[in-house]
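Below is one structure, written out as structure tokens; comments come after it.
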Amino acid sequence: MAKLEEGSPISFDNISPTCSKNSIASARAEDENGLAKRMKTETATAVATGNPNALLSINPIYTTEALKTAVSVLLKAWKDGTTPSAAVVQPALGFVFRKPFPHLVFPDFFHGPIDSVEEELLRQKFTPLSTDLLQLSQTKELSRDGVFEFADVTDTFRNEVRPWVATITNTELKEELDIRGAKYTYTDHLVCHDDRLTTRKIAYVYYLTDPSWSEEDGGTLDLFESSCVNDVVVPGAIEKSILPTRNSMVLFVVGDDSFHQVREVLSTRKARLSLTGWFHATTPSVPRTEFQPHAPFLHLELFEAGKDDMVNCFLARDEADAYSMARKKALKKDMTRYHGCTVRNLLKDSFYQSLTDELRAKEATLPWSETTNRNQDGCLKYIDINTPKWPKDMPVFGQLLRIMQTECFLNSINEITSTRISVMPLDKLNKFAALIGSKNFSSLTNGAGSGASAGDTPDERWVAEAARCRLEKFESGDYSLKTYEAAQVDEVIDLFYYMDCDLLEPDCGGAVVVMDINDPNDEWDPIISMDGESNGLMVVRRDRDHVFFTEYVNHRWARRNGGRPFYRLWISYSTEAGPINSQAAKNASRLSPSEDEDEDEDEDDEDEVSDDSDLVEPGDHDAALSSSDGEEDQ
Ligand SMILES: O=C(O)CCC(=O)C(=O)O
Ligand SMILES: [Fe+2]
């Protein structure tokens, strides 16, 4: 039997000759409005269809019984796991493809005034959209809202294309129609997604691109292979790329494996124009399971700032600076207004320089992991710093981590954010972990490598709780999607320290965007968007209602920077409103007084730490911790 599942679209010469003789299914009365007027000038095309009154009509070779039967039999056989008759399905070959998920590609799809449809579409208002998933421009819904100019086109989609799609895909489709114009220009993109929403059943894209569109222009429709990980279907590598060829129609069944993307447009001249939407099933689809497992909390050991740290740390320099108070005031004001601020030039230039030199020298040998689910996490490389894999021979980076784990640094962040990062003595943490079952906790990490602890014995060490401590690497094409983990904790302070991104202008992407999930109508109105800058520390305060994402890093970055990555250290500290304290409070109520007197004492201590909300002056780095220490001793 012929190989049914793959192959590139074949030319019309390969179609059985009987196909092209069929006439168009239905003629159309000419309307005096909109397209119909311009259509009069399109007689050549209309005559070619054999119907001078026709507006857009499906190419008759696709409406033959032989082709419709072939496609429907083939799709059904794939679904049922049966083998169809080769003779029956032969007319479908070259139009229907099995991998990575069933999809159909019909070149030269419509007959009729295609150029006029394009012109009319370009006259519509396109609204630029920018979210964590996409950057493109879109018209409003063309089938409603009185878009009279498109009445004929939408009629064709509803009354001709929809029944045809229902037949060939063996699905019952509602009359409801989604149809919008989409325009992708230079650097526009739509990252990996599956289209699953409400009753969407069959996705379609009809391309009105420039006839010369080629692979160098970008904008291919990429289809991803997928696999099942922990009962969730996740996208893998790109298995097939479809060129958005003018007047071709692509269809696919929306399902849990229909992962696809529009690759970034690279042409600076041509727009990738399309009419796109979905045909809807009569019943709702199975809802998607949002699956963002929460990483175990980390416990980062706290350090006293050593002399070297102080010399390098921004606090030390600030204290020497006459303007330091004004600077902090401005940062605090930004925090209050926007939930975020950027501390520019965090570390001394000389330190920052040796940091980037070290990263560049070591980057190829670092044990980068890739995000496994680009549909939910995004696409970037990272190293979780608490892993044993973290190389020990990066002393400068180790010192950066130490700085970010010093009490004086945390106190300063507390001051800017008017909150308190959750810190506790290690022995208390261990008791607490034993109490609730330790599976939510990673073992104590000492990300900063060797170094003196705050105390001489293990019992006196202090730790800060972090949801993340991760070095990330971004290249063109990378992004992180909205992360919902803040919904699982009460509050975190995210610190994003950017490295080696001197040429990362705002038009390259890579900004951190913070949103409120309660934003009505999903208006995509960010609270703040902060551009990454070398040696700049972004500070974000997120509670349950806030999510952040990292903008897609577009092609400009590679062009300007010669393809080098930039790096970001992301530490997400819990605050005292965060999980340890709230969990401790919950667990306290589960403790019976007779269980263990020590535990009761611990809960009291917890309160004492929480209540100590005075701000600690920078430099007074012992105060916050030693005052609690003192109380504990009593
Ligand atoms: O334009 C394309 O090729 C695909 C568009 C798409 O995936 C969408 O709009 O959801
Ligand atoms: Fe899509």
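Things to note:
- Hits in the stretch 389-410 (condition: among the aliphatic types (A, V, I, L, M) and buried (at least 19 other Cβ atoms within 10 Å of the Cβ)): Met394, Leu400, Leu401, Ile403, Met404, Leu410
- Counting only residues that are open to solvent by less than 10 Å² (accessible area, probe 1.4 Å) and either within 15 Å of ligand 2 (Cβ to nearest atom) or assigned by TED's automatic domain parsing to the domain that holds Gly509 (or both), the stretch 265-280 holds 6 of them.
- When residues of the stretch 181-214 are limited to those that are more than 27 Å from Arg556 (Cβ to Cβ) and within 10 Å of ligand 1 (Cβ to nearest atom), the one surrounded by the most Cβ atoms within 10 Å (Cβ to Cβ): Tyr206
- Any hit, the stretch 372-388, residues being within 25 Å of the chain's Cα centre (by Cα), assigned by TED's automatic domain parsing to the domain that holds Ser534 and part of a helix (DSSP H, G or I): no
- Residues located in the stretch 143-160, provided they are open to solvent by 30 Å² or more (accessible area, probe 1.4 Å) and closer than 19 Å to Glu119 by Cβ: Phe148, Glu149, Ala151, Asp155
- Screening Val229, Val233 for residues that are more than 10 Å from ligand 1 (Cβ to nearest atom), out of contact with any strand residue (DSSP E or B) (no Cβ under 6 Å at 6 or more places or on another chain) and touching a residue at least 12 places away in the same chain (Cβ under 8 Å) leaves exactly one candidate, Val229.
- Sole exception among (1) among the aliphatic types (A, V, I, L, M); (2) away from ligand 1 (no atom under 11 Å from the Cβ); (3) more than 22 Å from Thr156 (Cβ to Cβ) for Leu243, by number: (2)
Yes/no matrix, rows are residues, columns are (1) touching a Phe, Trp or Tyr at 6+ places or on another chain (Cβ under 8 Å); (2) within 16 Å of ligand 2 (Cβ to nearest atom):
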| position | (1), (2) |
| --- | --- |
| Leu221 | no, yes |
| Asp231 | no, no |
| Ala237 | yes, no |
| Thr245 | yes, no |
| Val254 | yes, yes |
| His260 | yes, yes |
| Arg263 | no, yes |
| Ser285 | no, yes |
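- Selection over the stretch 465-499 of residues that are in a loop (DSSP other than H, G, I, E, B), at pLDDT 95 or above and open to solvent by less than 10 Å² (accessible area, probe 1.4 Å) gives a count of 0.
The values are calculated or read from the model by the stated rules, or taken from the named source; none is laboratory data. As the structure is a prediction and not an experimental result, all values here were calculated from the model. As a convention, Cβ positions derive from the backbone with ideal geometry for all residues, glycine included, and neighbour counts pool all protein chains shown. All accessible areas refer to the heavy atoms of the entire protein, side chains included, with ligands and DNA or RNA removed. Shrake-Rupley method; radii C 1.70, N 1.55, O 1.52, S 1.80 Å.
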